[in-house]
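Heads up: the structure comes next, in structure tokens.
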Number of protein chains: 2
Amino acid sequence: MSAPSRNAYVPFVSVDNMMKLVLHIGIERMMADLAAEIEADFRRWPLFDKTPRVASHSDIGVIELMPTSDGETYGFKYVNGHPSNMKKGLQTVTAFGLLADVATGYPLMLSEMTILTALRTAATSAMVAKWLAPRGATTMAMIGNGAQAEFQALAFKEICAIREIRLYDIDPAATAKCARNLTGRGLNVVSCTTPEEALLGAQIITTCTADKQNATILTDNMVGSGVHINAVGGDCPGKTELHRDILLRSGIFVEYPPQTRIEGEIQQLAPDHPVTELWQVISGTATGRQDARQITLFDSVGFAIEDFSALRYVHGRLQASGLYLDLDMIADPDDPRDLFGMILRAAA
Amino acid sequence: MSAPSRNAYVPFVSVDNMMKLVLHIGIERMMADLAAEIEADFRRWPLFDKTPRVASHSDIGVIELMPTSDGETYGFKYVNGHPSNMKKGLQTVTAFGLLADVATGYPLMLSEMTILTALRTAATSAMVAKWLAPRGATTMAMIGNGAQAEFQALAFKEICAIREIRLYDIDPAATAKCARNLTGRGLNVVSCTTPEEALLGAQIITTCTADKQNATILTDNMVGSGVHINAVGGDCPGKTELHRDILLRSGIFVEYPPQTRIEGEIQQLAPDHPVTELWQVISGTATGRQDARQITLFDSVGFAIEDFSALRYVHGRLQASGLYLDLDMIADPDDPRDLFGMILRAAA
């Protein structure tokens, strides 16, 4: 048989190659780049095919597919969420994704997205905070010091000029791990033993915990006026982090209402509770923060367009970096109607 | 850095390895095996998570995700449909799929599915015909002699004891290709120059054309009583093959009504037109063919459970065959909360 044609191959970015790409570009620089890509795609939001993610729930977790398309390129992400995985030594969230050409349906790139999701989530958080956080914010409290924490810290440093990160986790070992990883990265890192201590002086509060339950990471009396809350961890039905009373005092900003009302903090509120779509703030058709005393809340659940932006960014750097492997993934017979003949010829 | 752990790897079945697997097992034998797997999963139909496929349509094609789960294993397929691809020397349909462990969300196997879809589609058609076709059928007309045709012919030979295949395509080159590929395979192959000629003496009629339009491959006067129609090609909105009057004379059998009413031949009928679900026939709760004179119609569109069955079959043969490659696809840090530290250590 002859070797597969060029059409048969799909470039694949492995975990190893993604790490090399991140280190080559630099973590902070790559998150700033991703934030710019995501912001640009939020500006052309109405153009995208949008659908709430397609979720398959079980007792202990969820597997989701998150597709979108801008009419030229199609992308989707496979992602799981299994809080109990940590006890088994596995990742709570793992992911991979694919880009394809809308004109032919042929895949353009397959990529690991566990690392890329961590980067794009933090990049999105910081990009949104740039629009919503109070002016001159320099201190961020970080409640939950798991796998996402360092990415958030560095994205806020790079994109929002945050200088001090105040860490708290119910598990002091997580805080110690996070503080250790952030050493020498240009941040003043303060490890705290209570959430209240972490909130001291913080103009931005990031919550990023992983329990699948309606937890109350922040109670109403812990949150003063004028802060920006970046609520990352509440991202599926039955999983929230903030007390309902905080939501009622906040201006709430979301990615895609049909998805956030099911998965986000606002699942605790009435289905018609007013929220603002971020793309409207970014494109200038809605108001962001109203005044210095307002509590702004980014009810982050993660949307397919952010993954699309991130995949396109990686795809754009493939040829220059060479950090990919060609996978023989697409059957490509010489005569497209002769799939059967291709198999027969493989026998020869 | 240390090498990735076992958890990092996902077995990948390339096109090359899928061809080797098919040749190792034998095409006919593999389709009979797949038909048995699919039939077994149809028997436990109510157990599956079912959703119509998630489609992203463009002017010239569609990209779809087809997920399902039996509560233990999750599977999905990515598949495109682009009739205009053939003119570009590309496949109309290409596909790949994934199985994952519901308990952890971790992928179990990634596989090419262009070839596997061709096999499972034909296996499903023949399995369904075993339940619905008139007794003693030995002759099948095949209208449309493209990439799916040989698979259909051999599946019907193996599973339904069909002995004569009568080929017709608007393009004689397609018929010639199909006849050539079927030579020496134990079938009496008759190449025809009109659809009417192909239908002569046929108890089973398979339509499998690829135009994206409401074509009329079969008109009402071409179809006599007592036949079984296996309508494979009408499988997306605006794409049908049969005249509406044939549908009105037929007992109609479908995979999953919410999907077939959008994509199948029955998109031409009222949304409440009675149809029978195949899983009920197979599990004994609904009647199949009522009598020798009835026209039975399998309005095939392809459902996620068939892909699931096929992926599980391939997965079950991985270890014995060794026909896979390990992909470093899942980020697997030593401490699951330390994704960031894993990247840092990769620098060393």
Exercise for the section: Show the residue pairs that are 6+ apart or on different chains and have beta-carbon atoms under 7 Å apart, the first residue being within segment B:55-68 and within 25 Å of A:Asn80 (Cα to Cα), the second being basic (Lys, Arg) and in a strand (DSSP E or B). Expected result: B:Met66/B:Lys77
Fill in the blank from the handout: The residue that is farthest from the other protein chains (Cβ to nearest Cβ), considering only those in segment A:209-229 that are part of a loop (DSSP other than H, G, I, E, B) and of a type in the set (Gly, Ala, Ser), is A:Ser225
Fill in the blank from the handout: Condition set touching a helix residue (DSSP H, G or I) at 6+ places or on another chain (Cβ under 8 Å) and assigned to a helix (DSSP H, G or I), scope segment A:263-274, selection surrounded by the most Cβ atoms within 10 Å (Cβ to Cβ): answer is A:Glu265
Exercise for the section: Give the residue, chosen from A:Thr193, A:Thr207, A:Thr240, A:Thr183, that is crowded, with 19+ Cβ neighbours inside 10 Å, closer than 17 Å to A:Ala141 by Cα and of a type outside the set (Asp, Glu). Expected result: A:Thr207
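With respect to B:Met19, determine if the residue is more than 8 Å from chain A (Cβ to nearest Cβ) and assigned to a helix (DSSP H, G or I).
Spelling it out, it is not the case that B:Met19 is more than 8 Å from chain A (Cβ to nearest Cβ) and assigned to a helix (DSSP H, G or I).
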Practice task
Say whether the condition of being among the polar types (S, T, N, Q), in contact (Cβ under 8 Å) with a residue 12 or more places away in the chain and not assigned by TED's automatic domain parsing to the domain that holds B:Leu187 is met by at least one residue in segment B:93-107.
Solution key: yes
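Conditions (1) surrounded by fewer than 24 Cβ atoms within 10 Å (Cβ to Cβ); (2) in the same structural domain as B:Leu98 (by TED's automatic domain parsing); (3) touching a Ser or Thr at 6+ places or on another chain (Cβ under 7 Å); (4) assigned to a strand (DSSP E or B), marked per residue:
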position: B:Thr287; (1), (2), (3), (4): yes, no, no, no
position: B:Leu311; (1), (2), (3), (4): no, yes, yes, no
position: B:Ala320; (1), (2), (3), (4): yes, yes, no, no
position: B:Leu327; (1), (2), (3), (4): yes, yes, yes, yes
Practice task
Just one of (1) under 24 Å from A:Leu327 (Cβ atoms); (2) more than 9 Å from chain A (Cβ to nearest Cβ); (3) in contact (Cβ under 8 Å) with a residue 60 or more places away in the chain; (4) not polar (S, T, N, Q) trips up B:Arg6, so point out which.
Solution key: (3)
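Can you spot a residue in segment B:51-68 that is farther than 30 Å from A:Leu47 by Cα and at pLDDT 95 or above?
No.
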Exercise for the section: Considering every residue within segment B:27-34, establish whether at least one is in contact (Cβ under 8 Å) with a residue 60 or more places away in the chain and either within 11 Å of chain A (Cβ to nearest Cβ) or closer than 30 Å to A:Thr114 by Cβ (or both). Expected result: yes
Fill in the blank from the handout: (1) out of contact with any Gly (no Cβ under 6 Å at 6 or more places or on another chain); (2) free of Cβ contacts under 8 Å to residues at least 12 places away in the same chain; (3) more than 25 Å from B:Thr139 (Cβ to Cβ) all hold for B:Leu269 apart from (2)
Practice task
Go through segment A:233-262 and give me each residue that's in a helix (DSSP H, G or I) and touching a residue at least 40 places away in the same chain (Cβ under 8 Å).
Solution key: A:Ile246, A:Leu247, A:Arg249, A:Pro258, A:Gln259, A:Thr260, A:Ile262
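A quick yes/no check of all residues on (1) within 14 Å of another protein chain (Cβ to nearest Cβ); (2) within 22 Å of the chain's Cα centre (by Cα); (3) among the hydroxyl-bearing types (Ser, Thr, Tyr):
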| site | (1), (2), (3) |
| --- | --- |
| B:His273 | no, no, no |
| B:Gln280 | no, yes, no |
| B:Gln290 | no, no, no |
| B:Ser309 | no, yes, yes |
| B:Met329 | yes, no, no |
| B:Asp338 | yes, no, no |
| B:Ala348 | yes, no, no |
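Go through the residues of segment B:153-164 one by one and say whether even a single one is within 13 Å of chain A (Cβ to nearest Cβ) and touching a residue at least 60 places away in the same chain (Cβ under 8 Å). Walk me through how you get there before you give the answer.
Here is the first cut: in segment B:153-164, the ones within 13 Å of chain A (Cβ to nearest Cβ) are B:153-155.
Cutting the leftovers down to touching a residue at least 60 places away in the same chain (Cβ under 8 Å) gives us B:154-155.
Checked segment B:153-164: at least one residue is within 13 Å of chain A (Cβ to nearest Cβ) and touching a residue at least 60 places away in the same chain (Cβ under 8 Å).
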Practice task
Run B:Thr51 past the list (1) under 19 Å from B:Gly264 (Cα atoms); (2) outside any loop (DSSP other than H, G, I, E, B); (3) within 9 Å of another protein chain (Cβ to nearest Cβ); (4) of a type outside the set (Phe, Trp, Tyr) and report the number of the one that doesn't hold.
Solution key: (2)
Exercise for the section: Give me the pairs, please: first residue somewhere in segment B:273-295 and farther than 23 Å from B:Pro46 by Cβ, second residue anywhere and among the hydroxyl-bearing types (Ser, Thr, Tyr) and surrounded by 14 or more Cβ atoms within 10 Å (Cβ to Cβ), beta-carbon distance under 6 Å, and either six or more positions apart or on two chains. Expected result: B:Arg289/B:Thr296; B:Ile295/B:Ser250
Exercise for the section: May I ask you to say which residue of A:Ala176, A:Ala137, A:Ala122 is hydrophobic (A, V, I, L, M, F, W, C) and either touching a Lys or Arg at 6+ places or on another chain (Cβ under 9 Å) or farther than 29 Å from A:Leu90 by Cα (or both)? Expected result: A:Ala137
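The values are calculated or read from the model by the stated rules, or taken from the named source; none is laboratory data. What you are looking at is a predicted structure, and each value in this text was computed from that prediction instead of being measured. Don't worry about glycine lacking a Cβ; one is built from the backbone with ideal geometry, like all the others, and counts go over all protein chains shown.
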